[in-house]
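S.K.: Sending over a structure as structure tokens; questions will come in a sec.
Just so it is clear, none of the values below were taken in a lab; they were calculated from the coordinates. The model shown is predicted, which means the values in this text are computed figures rather than measured ones. Here Cβ is always computed from backbone atoms with ideal geometry, including for glycine, and neighbour counts include all displayed protein chains.
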Amino acid sequence: MDAFLQRYSLQIIVWLGALSTLAIFSILYKENAFYRLFEHIFIGLATGQGIFMTVSQVLHPLWWKRMTAEGQWYWVFAFLAGMMFYFVYSRKYAWISRIIFGAFMGFTAGLTFKAFATQYVPQIAASFKPLGGPPSSARPDVTAMTVVYAVSFLVFLLPLVWAAVLGSKAARLKREAGIR
Amino acid sequence: MDFILYLGKWLASPRHGLALWLLIAGGLALGVAIFLLLRATPGRYRKLIVMAVTFLAGLFYIAEFFWSGTIFGVENFLSPAVQPLGDVIMVVGSFTLLLGVVNLVAIHAKAIRAVRPGWHNSLAFFIAMVAIMAAGLIPYLQEQSGQKGSQSWTAVYQILFNGMLAPLGATMFSLVAFYIVSASYRAFRIRSGEATLMMLAAFLVMLGMVPIGIYLTHWLPETGALSNLRLERITQWILTGPNAAAQRAIAFGIAVGGLAMALRIWLSLEKGSFFDKQ
Amino acid sequence: MIILRALLNIDRRIMYGLLCLTIVVMLKWPVKQPLSTTHAVKGVYDAVEAIPHDKIAIVSIVWSSSTMAENGPQTEAIMRHLFKRGIRFAILPWDQQGATLAKDIAEKVSAEMGKTYGVDWCDWGYRPAYLYQILPALAKDIPATIKKDYRGEDVRKLPMMRGVKTIHDVGLVADITPSGTLDAWISQIQGVYKTPIVFAPTLVMVPEAYNPLDAGQIKGMLPGLPGAGQYEQMLNYVGFGQKGSGALSGSFILIIVLIILGNVGLVASRRRRPEDGGGD
Amino acid sequence: MEHPTWQITILTFALSLSVLIGIFYNRWLSGRGRSLFIRRIPGLSALDEAVGRATEMGRPVLFVPGIGSLDIVSLQALAILSHVTRIAARYGSRVIVPSADSIVFTLAEEVSREAYTAEDAADHYDPEDVRYLSDNQFAFASGVVGILNREKVASACYFGSFFAESLILAETGHQVGAIQVAGTPSTTQIPFFLAACDYTIIGDEFFAASAYLSREPTLLGSLVGQDVAKGIIIALVIAGTAIATVFGVQSGVLKGLLGL
């Protein structure tokens, strides 16, 4: 088994890859059993890989190892907090899950304030631009370009837009008048 | 005060062996005690508890961020806690993993048991899930316990990952290219003045992004007023002028909307199905 | 006239077939097309040129095989430029596949340009994409946050990491991404420490990026595949960026032609209606 | 700047305060039996039409609450879900809710169950209609494409955070002939929804949705507060542009305005 896998794994990868690609592309024609099968395999693989990643990247190194190998016993409270989510399945105690949901929502809300200040306020400041001022070296002179385009727009494009508007209006009027 | 500091230090110091397990058990027992306490909480206090927790959680990040320098002579002591708290949130969040997986497994298990049409798809789902999970976890756990990771399982993982998961995702994404063609074919019709403008803008931006469009007007001078009619300059103007202005206006609207919703959630003023009942 | 009206509802399968054909033909027989440099791309070039030699660069990899066609050439172009200037850089992958794919690109380019792992570049290894949690810590203490490189060696022992402690030792961050990671870099790193950031998104994300670009939150941008192509041209080599841009040209032309055909069909059906006495 | 300047702090607090004032002002108004006006948002009014059509055709409605984790956007999406499910429950229709995040999924389950119970249609509620698919973006997309095709969905609603999968979902929906309504604050995806959906709500209309649908005084008041906040930002931009034009971008007044 070992030798077989070592020897042929590249070929298997190539062939499986081709098969998977074909299966997904087949939906472009229409929905079919081949696609359906690979859709389920895809979801299965993604779920399995998600569990593996969560365990190997977060739960084991950041929680279990710290709690046991590094002796930080208080990480047991993280487990208890995590378990609070599962009260959502109990009719009677569902409100307990709301405590932890509330905490998560609170954190999100708090971070939203922070994001507003660091992300959006600088963009407000960036809108402070002189009208008709000289162009900065790094960016094009948007004002001058606007003037050029406004003129060309009037000359070339306006008749076209106008015709299209008229066309659609005429069509609507005809429709309303019952002329088909 | 000294006593509290001492107690904190004593609790936070790392333990090993029996002491560790006793403390973990103690933590679990405390959890059960808290649960019993919560169970006995009268209905009218329940909402208050949820509100308080939400408020404190939000307050932490808000206070940490906006507290600059010293306020009433007190330095910001929250900042050092940001990093550990990030870890805690990540770990606690990871425990929710099973909430979704349980549903998925239940639905597919039912399909197989009832031999519903298409049950073999559900079977394929299970095989795929278990296979990749095992292929990933077995070598990982072997390595963690000091052994050498199994080569065969690693190879299986590589096959499933690079041979199936990766191409399935890549192909799914590439469907976008096809759908862009059919969607834009349908959407860009000169039905009204606005639609015509939208179509023209789309043409100009598309052409200005790729070599052929740049080639179309490359004979125009590089400088001077006429240079502004080069396609890539027009594209650039559409993107930096009207587009950036509109994007920014939408972004501000969304930012303010998000800020308002954050505020309502933080202060438990939010209304709606989830928030009304306790 | 019936033919013209049929243009109103071309079967999507025909369009998909035409698209496939166009891409295959344009990739197989590329047409040499000139690319002119836009200021966004020049911004990236200038930002790399401006990195002082005592600082390192971070190449943040968020992409996976799905967007490799666009993000791969961008990654290669940026790495080549960094190597050319002799700026040390570290790969920081947030995606499992991207980790392998970006490392492969770096190894290829580094071999070609005679560079050494650990001295001229290094790979900090995959970590889950919790950018908001990791970036604040990274900014304060790089070795303590990264700890080990992808091979499991202590990063402090790598020659290129000597003297690298905080984000102030980083002269540039290149975020190469198909998703919304830029916000995290801006709010946690650029907004706080003023570290220059350049951005290499996929083409669909480009319109949104003009906002931070205009605000100076990012120094420059490589808009998708054509952006990579332009950058390749500035660096004087031919990569997939330039070849692929040709195929992209072809498909854009196809889309434009299809849109025009659709409109011809629309106009034709409008004109015919009265005579048909209500054709549809 | 590890912490913001005092100008930014004041601005953020002032905007928040205007929202709060809006909320309490409107609560006070509604206590006296008056209410504020809200303009028509066609995309949201279309939700009734979408559900109604599904009922006529005897086919299910699909509601995708985005692929984001539990955040502000997903919570808003769940509020809209609650509304859609209630209409469907009233008509005795099914709403299929595929989800990409386990926490959002759990909440969606609860929201759906509650909506059917509130409309006295608990027997129409099928627990299997709220499904967790995958947190892998494209695995999720492939699953939704499957559902759209197999369940013969008559109407599809997309509300929440969307990324590269938006067009895959919306175009498939169009191909199966569903009437589609979308709303997202992810600005890059709006063009795709515009191209493939019948109705798309844009930008902060998304955050106005729950107020619009519920006419709840608190939410309506918040909306008014948001408009005041936007007014403050517009005033700032105008003032900043005027100062920049007269005194130049480097002027001290401008730098002092936001402390940048």
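S.K.: Given N residues in the stretch D:101-142, what is its alpha carbon radius of gyration divided by 2.2 N^0.38 Å? Intermediate results must be reported in sequence, preceding the final value.
M.R.: On the way: Rg = 12.2 Å, N = 42, 2.2 N^0.38 = 9.1 Å.
So the stretch D:101-142 has a normalised radius of gyration of 1.34.
S.K.: Would you mind giving the three semi-axes, in whole Å and largest first, of the ellipsoid equivalent to the stretch B:42-85 according to its Cα gyration tensor? Write out the running numbers ahead of the final one.
M.R.: On the way: eigenvalues 154, 29, 11 Å².
Rounded to whole Å, the semi-axes are 28, 12, 7.
S.K.: Take the Cα radius of gyration of the stretch B:53-209 and divide it by 2.2 N^0.38 Å, with N its residue count; two decimals is plenty. Display every interim value, and only then the final one.
M.R.: On the way: Rg = 26.3 Å, N = 157, 2.2 N^0.38 = 15.0 Å.
Working it through for the stretch B:53-209, the quotient is 1.75.
S.K.: Let me ask you something else. In whole Å, what are the extents of the protein assembly as shown along the principal axes defined by its C-alpha atoms, from largest to smallest?
M.R.: Principal-axis extents of the Cα atoms in the protein assembly as shown, largest first: 90, 72, 72 Å.
S.K.: Can you give the log10 of the normalised intensity I(q)/I(0) at q = 0.08, 0.12, 0.17 Å⁻¹, computed with Debye over equal Cα scatterers of chain B?
M.R.: -0.82, -1.27, -1.37
S.K.: What are the trypsin sites (Lys or Arg not before Pro) within the stretch C:12-72 that DSSP puts in a loop, where the Cβ has at most 13 other Cβ atoms within 10 Å? Working shown, then result.
M.R.: Values: sites: C:Arg12, C:Arg13, C:Lys28, C:Lys32, C:Lys42, C:Lys55; in loops: C:Lys32, C:Lys55.
When the trypsin sites (Lys or Arg not before Pro) of the stretch C:12-72 are filtered for loop state and at most 13 Cβ neighbours within 10 Å, C:Lys32 remain.
S.K.: Select from chain D the helices, each a whole stretch of DSSP H, whose alpha-carbon atoms run 18 Å or more along the helix axis and whose Kyte-Doolittle mean is at least -1.0; answer none if there are none.
M.R.: Numbers: long enough: D:6-31 (37 Å, 1.13); D:42-57 (22 Å, 0.01); D:72-91 (29 Å, 1.06); D:102-118 (24 Å, 0.33); D:137-150 (20 Å, 0.91); D:217-247 (44 Å, 1.59).
Helices passing the filter in chain D: D:6-31, D:42-57, D:72-91, D:102-118, D:137-150, D:217-247.
S.K.: Stokes-Einstein diffusion coefficient for the stretch B:1-40 at 25 °C in a medium of 0.890 mPa s, Rh from the Kirkwood formula over Cα pairs: what value in µm²/s?
M.R.: 210
S.K.: When only alpha-carbon atoms are used, what values of Rg and Dmax, in angstrom, describe the stretch C:1-55?
M.R.: Cα only, the stretch C:1-55: 21.9, 71 Å (Rg, Dmax).
S.K.: Let me ask something else. To the nearest µm²/s, what D does Stokes-Einstein give for the stretch D:55-204 at 10 °C and 1.306 mPa s, using the Kirkwood radius over alpha carbon pairs as Rh?
M.R.: Values: Rh = 14.9 Å.
Translational diffusion coefficient: 107 µm²/s.
S.K.: A further question follows. Given the convex hull over the Cα atoms of the stretch C:24-136, what projected area results after averaging over all orientations, in nm²? Don't skip to the end; give the middle numbers.
M.R.: Values: hull surface 35.9 nm².
Mean projected area of the Cα convex hull: 9.0 nm².
S.K.: Where is the GNM fluctuation largest for chain B (alpha-carbon springs, 10 angstrom cutoff): B:Ala245, B:Ala25, B:Ala183?
M.R.: Looking only at B:Ala245, B:Ala25, B:Ala183, the biggest GNM fluctuation is shown by B:Ala25.
S.K.: For the stretch A:4-138, what is Rg from Cα atoms divided by 2.2 N^0.38 Å, rounded to two decimals? Don't jump to the answer; show the numbers that get you there.
M.R.: Working: Rg = 25.5 Å, N = 135, 2.2 N^0.38 = 14.2 Å.
In units of the 2.2 N^0.38 Å rule of thumb, it is 1.80.
S.K.: Give the range of the longest stretch in chain B that excludes all chymotrypsin sites (Phe, Trp or Tyr not before Pro) found in loop regions by DSSP and having at most 12 other beta-carbon atoms within 10 Å.
M.R.: Values: sites that count: B:Phe72, B:Phe77, B:Trp219.
Within chain B, the longest run free of exposed chymotrypsin sites (Phe, Trp or Tyr not before Pro) spans B:78-218.
S.K.: In whole angstrom, how long is each semi-axis of the equivalent ellipsoid of the stretch B:193-266, when you take the square root of 5 times every eigenvalue of its Cα gyration tensor and sort them from largest down? Show your work: numbers first, answer last.
M.R.: On the way: eigenvalues 262, 35, 20 Å².
Equivalent-ellipsoid dimensions as semi-axes: 36, 13, 10 Å.
S.K.: Considering only DSSP beta bridges whose two residues both sit in the protein assembly as shown, what percent are antiparallel, to the nearest 5?
M.R.: Details: 3 of 43 bridges.
Of those bridges, close to 5 percent are antiparallel.
S.K.: Could I ask something else about it? Give the Rg (one decimal place) followed by the Dmax (whole number) of the stretch B:96-187, computed from C-alpha coordinates and expressed in Å.
M.R.: In order Rg, Dmax, the Cα atoms of the stretch B:96-187 give 18.3, 60 Å.
S.K.: According to the Cα gyration tensor, what semi-axes, each the square root of 5 times an eigenvalue, does the equivalent ellipsoid of the stretch C:39-238 have, listed from largest to smallest in whole Å?
M.R.: On the way: eigenvalues 100, 73, 53 Å².
Those come to 22, 19, 16 Å.
S.K.: With viscosity set to 1.306 mPa s and temperature to 10 °C, compute the Stokes-Einstein D of the stretch D:125-229, Rh being the Kirkwood radius across alpha carbon pairs; µm²/s, no decimals. Don't skip to the end; give the middle numbers.
M.R.: Working: Rh = 15.0 Å.
Value of D from the Cα-based Kirkwood radius: 106 µm²/s.
S.K.: Another question, then. Once you wrap a convex hull around the alpha carbon atoms of chain D, what is its projected area averaged over all directions, in nm²?
M.R.: Working: hull surface 67.1 nm².
Mean orientational projected area (chain D, Cα hull): 16.8 nm².
S.K.: Next question, about the same structure. Ratio to report: Rg/Rh of the stretch D:56-124, with Cα atoms as the point set and Rh obtained by the Kirkwood method; give two decimals. Working shown, then result.
M.R.: Details: Rg = 11.7 Å, Rh = 12.0 Å.
Over the Cα atoms of the stretch D:56-124, Rg/Rh equals 0.97.
S.K.: Something else about it: Using a 10 Å cut-off around each Cβ of peptide A:10-17, what is the average number of partner chain Cβ atoms that fall inside?
M.R.: On the way: counts 4, 1, 7, 10, 3, 1, 7, 10.
Mean partner shielding for this stretch: 5.
S.K.: Let me ask you something else. With both bridge residues required to lie in chain C, what share of the DSSP beta bridges run antiparallel, to the nearest 5%?
M.R.: Details: 1 of 23 bridges.
The antiparallel fraction comes to roughly 5 percent.
S.K.: Can you spot the lysines whose alpha carbon is less than 25 Å from D:Lys230's alpha carbon? Ignore those fewer than 8 places along the same chain.
M.R.: A:Lys114, A:Lys129, B:Lys271, D:Lys255
S.K.: At q = 0.13, 0.14, 0.21 Å⁻¹, what log₁₀ I(q)/I(0) does the stretch A:1-70 have when each alpha carbon counts as one equal point scatterer in the Debye sum?
M.R.: Once normalised to I(0) and log-transformed, intensities are -0.63, -0.69, -0.92.
S.K.: Which value at 222 nm does the protein assembly as shown reach when only helices count, each DSSP H run of 4 or more adding -39,500 (n - 2.57), with the total divided by all residues and rounded to the nearest 500 deg cm²/dmol?
M.R.: Working: 42 runs with 622 residues, N = 998.
Here the helix-only value at 222 nm equals -20500 deg cm²/dmol.
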